[in-house]
Amino acid sequence: MNEHQVSRVHAALDHFCIETPSWGFSDTGTRFGKFFQDAAAINTADKLADAGHVHALTGCCPTVAVHALWDFTPDSDPAEVALEAHRHGVCIGAVNPTLFQSQEYMLGSFASPDPAVRQMAISHAIDAIDIARRVNSKLLSLWFPDGTNYPGQDNIRNRKRHFTQALQECHNHLDENQRLLVEYKPFEPAFYHTDIADWGMAYLLAKAAGPRAKVLVDTGHHYLSQNIEQIVAWLLDEKMLGGFHFNDRRYADDDLTLGSIDPYQIFRIFHEIHGYAADQGGAYPEISYVVDQCHNIKPKIEAMLQTVTTAQQLYAKAALVNHEELSKHQSKGQIVDAEEVLKKAFNTDVTGAIAEWRRGRGLGADPLAEHRASGYAQDAARDRRRRREEMGIKQTVCFV
C-alpha cells in the first residue's frame, strides 16, 4: 500500500464505530438449546465489563446496545446502568424493546388482533424510549416477531394499519435528538406471512411513522439470493437508512460471525456507503452499526472481536475504491474494468495499515491476540463459575 492508501484507511477507521450487543456476551443459543460457557456474562454488569474490554482492545466499540427487559429491571434506575457502563469505558447505545418473549404476544405485539395486547406492546416501547432518554441514548431499535402461520389466521391489511398507528404513537414520544429504527425479516418465527417482511414494508412504515424513523438492515434477514447492497443503495438515496445489525448467514437468519461466509458481500455494502459519501462531497450519513449475532459455540468475546475486526478490515478495503476511475468505466460501459476496480480494493491487504492505526492509539496491533494474552477470559470464567455456585445458578440444558 502507498502512503495515500494508508491515509485513506486511517481516515475511514477514524469515523467508523461499531456497537456491541449486551446479549452477545451472555449464554445464548438457538431454539434447539444452548451450549454453556463458564466465561459467559451472568448479569448486565458482566456484559458491560466484557463490552468495555472489547472497546479497550479495538478502540472502535464505544457503545453497547441493550434490551429493555434483559438489562433493566422494573425496580432499577436506568441511570445506574449508564453509570456502570461508564465505569467500563463505554456508553449505552440503542435500546431494544423486548416484544417477543411474553405469552401475550402469541398472536403478535403491535399487530395483535387484541387491542389490549397492542396497547401493552406500545406502552413497553414507550417505556423503552424513556429508558433511552434516561441513559442518554438517541436510538430506539425495533424488531418484531409479528406475523401469522396459517392462511386466514388474521386480516393482513388490518395488521398493517395497527403497525402504522403504533409506530406513529411511538414516534410522537421521541425527543428531538432521538431516532426510531424499524427492522424487517422475511420469516421466522412466523411462517405464512411476516408483518414487516422486507425493506419496502419497513420503509413505508417508517415514512408513515414520522421524520425521525428510519430503516434498519440486518444482514442476515434476507433470502439467499437477495442483493443487500442494492437495498442499501436505495435506502441511502432515499435518506432512509438508519442502521445495520451485523452478522452472516449460509441459509437464513443463522447469526454467524460477520464475513465468515461471504466477506465480499459486506465489502459491497460498505462500498455503497463510501460511494454515497463520495457523491455528497465526503459527508457520511448518520448510520448505526451494531453487531447482532449468536455466539453459540464460539467463545463470546473472541467471536465479538472477530466480527469487529472483520468489519474494520472490510470497511477499510471499501474505502480504497477509486470512485473517479469507477465512474469513468461505468459511463463508458467498460464492465470488466469497472468490476476490477472493486476487486482490486477488495484484494488489497489492509492488515498493516490497520495495525498502524491501532498502534497510533496506543492499542495492540492484533486485538484477538491481545485478548488471549490478557487472561481476561480465564479470570472471568473463574469468577463467574464461583458466583454461579454461590447464587445457586445452574447452567442446565434448556430448549428455547
- Query: From the list Phe25, Phe36, which one is modelled with pLDDT of 95 or more and touching an Asp or Glu at 6+ places or on another chain (Cβ under 6 Å)?
  - Reply: Phe25
- Output the residues belonging to region 181-231 that are farther than 15 Å from Arg159 by Cβ, in contact (Cβ under 8 Å) with a residue 12 or more places away in the chain and over 20 Å from the mean Cα position of the chain (by Cα). Phe191, Lys207, Ala209, Gly210
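Can you work out which of the residues in region 315-343 that are among the basic types (Lys, Arg) and within 15 Å of Phe270 (Cα to Cα) is surrounded by the fewest Cβ atoms within 10 Å (Cβ to Cβ)? Even if it seems obvious, please write down each step before you answer.
If we filter region 315-343 for residues that are among the basic types (Lys, Arg), which is where we start, we get 317, 328, 332, 343.
Checking which are within 15 Å of Phe270 (Cα to Cα) leaves us with 317, 343.
Details: Lys317: 26, Lys343: 11.
Within region 315-343, the match that is surrounded by the fewest Cβ atoms within 10 Å (Cβ to Cβ) is Lys343.
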- Task: Output the residue which, of all residues in region 14-33 that are in contact (Cβ under 8 Å) with a residue 60 or more places away in the chain and surrounded by 23 or more Cβ atoms within 10 Å (Cβ to Cβ), is farthest from Lys344 (Cα to Cα).
- Result: Phe25
- Subset of region 22-80, residues under 16 Å from the mean Cα position of the chain (by Cα), aliphatic (A, V, I, L, M) and not in a helix (DSSP H, G or I), comes to Val64, Ala65, Val66
- Query: Of all residues in region 60-82 being surrounded by fewer than 18 Cβ atoms within 10 Å (Cβ to Cβ) and among the small types (Gly, Ala, Ser), which is farthest from Pro367 (Cα to Cα)?
  - Reply: Ser76
- Determine which single condition Glu188 fails, assuming it passes every other condition in (1) in contact with a strand residue (DSSP E or B) (Cβ under 7 Å, 6 or more places away or on another chain); (2) at positive phi; (3) charged (D, E, K, R). (1)
- Query: Does at least one position in region 254-265 carry a residue that is at pLDDT below 95, surrounded by fewer than 21 Cβ atoms within 10 Å (Cβ to Cβ) and either over 26 Å from Ala369 (Cα atoms) or touching a Leu at 6+ places or on another chain (Cβ under 9 Å) (or both)?
  - Reply: yes
- How many residues of region 158-174 are without any contact (Cβ under 8 Å) to a residue 40 or more places away in the chain and within 17 Å of Lys138 (Cα to Cα)? The answer is 1
- Residue check, Asn158 against (1) in a loop (DSSP other than H, G, I, E, B); (2) surrounded by fewer than 14 Cβ atoms within 10 Å (Cβ to Cβ), all met but one. Which one? (1)
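Taking the stated definitions as given, is Ala56 of a type in the set (Gly, Ala, Ser), buried (at least 21 other Cβ atoms within 10 Å of the Cβ) and within 30 Å of Asn347 (Cα to Cα)?
Values: of a type in the set (Gly, Ala, Ser): yes; buried (at least 21 other Cβ atoms within 10 Å of the Cβ): no; within 30 Å of Asn347 (Cα to Cα): yes.
Answer is no for this residue.
With respect to Ala369, determine if the residue is in contact (Cβ under 8 Å) with a residue 60 or more places away in the chain and out of contact with any Lys or Arg (no Cβ under 6 Å at 6 or more places or on another chain).
Spelling it out, it is not the case that Ala369 is in contact (Cβ under 8 Å) with a residue 60 or more places away in the chain and out of contact with any Lys or Arg (no Cβ under 6 Å at 6 or more places or on another chain).
Looking for whichever is touching a residue at least 24 places away in the same chain (Cβ under 8 Å), more than 23 Å from Asn43 (Cα to Cα) and not charged (D, E, K, R) here; the options are Gly364, Gly333. Which one fits?
Values: Gly333 fails: touching a residue at least 24 places away in the same chain (Cβ under 8 Å).
Step by step, each of Gly364, Gly333 is checked, and only Gly364 is touching a residue at least 24 places away in the same chain (Cβ under 8 Å), more than 23 Å from Asn43 (Cα to Cα) and not charged (D, E, K, R).
When you check Phe270 against the structure, is it within 16 Å of His10 (Cα to Cα) and surrounded by 14 or more Cβ atoms within 10 Å (Cβ to Cβ), yes or no? Give the derivation first.
Details: within 16 Å of His10 (Cα to Cα): yes; surrounded by 14 or more Cβ atoms within 10 Å (Cβ to Cβ): yes.
So Phe270 fits the description; yes.
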- Message: Of everything in region 357-400, what is crowded, with 16+ Cβ neighbours inside 10 Å, in a helix (DSSP H, G or I) and not aliphatic (A, V, I, L, M)? Give them in sequence order.
- Response: Trp357, Arg358, Pro367, Glu370, His371, Arg372, Tyr376, Arg384, Arg388
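Identify the residue in region 289-313 that is of a type in the set (Val, Ile, Thr) and part of a helix (DSSP H, G or I) and, among all such residues, is farthest from Pro62 (Cα to Cα). Even if it seems obvious, please write down each step before you answer.
Keep residues of region 289-313 that are of a type in the set (Val, Ile, Thr), which gives 290-291, 297, 301, 307-310.
With part of a helix (DSSP H, G or I) added as a condition, the list becomes 301, 307-310.
Numbers: Ile301: 15, Thr307: 15, Val308: 12, Thr309: 14, Thr310: 17 Å.
Once the filter is applied, the top-ranked residue is Thr310.
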- Task: Answer with yes or no whether Leu99 is within 17 Å of Arg159 (Cβ to Cβ), within 23 Å of the chain's Cα centre (by Cα) and either at pLDDT 95 or above or not in a helix (DSSP H, G or I) (or both).
- Result: yes
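If we scan region 70-86, do we find a residue that is touching a Pro at 6+ places or on another chain (Cβ under 8 Å) and aliphatic (A, V, I, L, M)?
For region 70-86, residues touching a Pro at 6+ places or on another chain (Cβ under 8 Å) and aliphatic (A, V, I, L, M): absent.
The values are calculated or read from the model by the stated rules, or taken from the named source; none is laboratory data. Remember, predicted model here, so these are calculated numbers, not experimental data. Quick reminder, even Gly has a Cβ in these numbers, built from the backbone with ideal geometry, and neighbours come from all protein chains shown.
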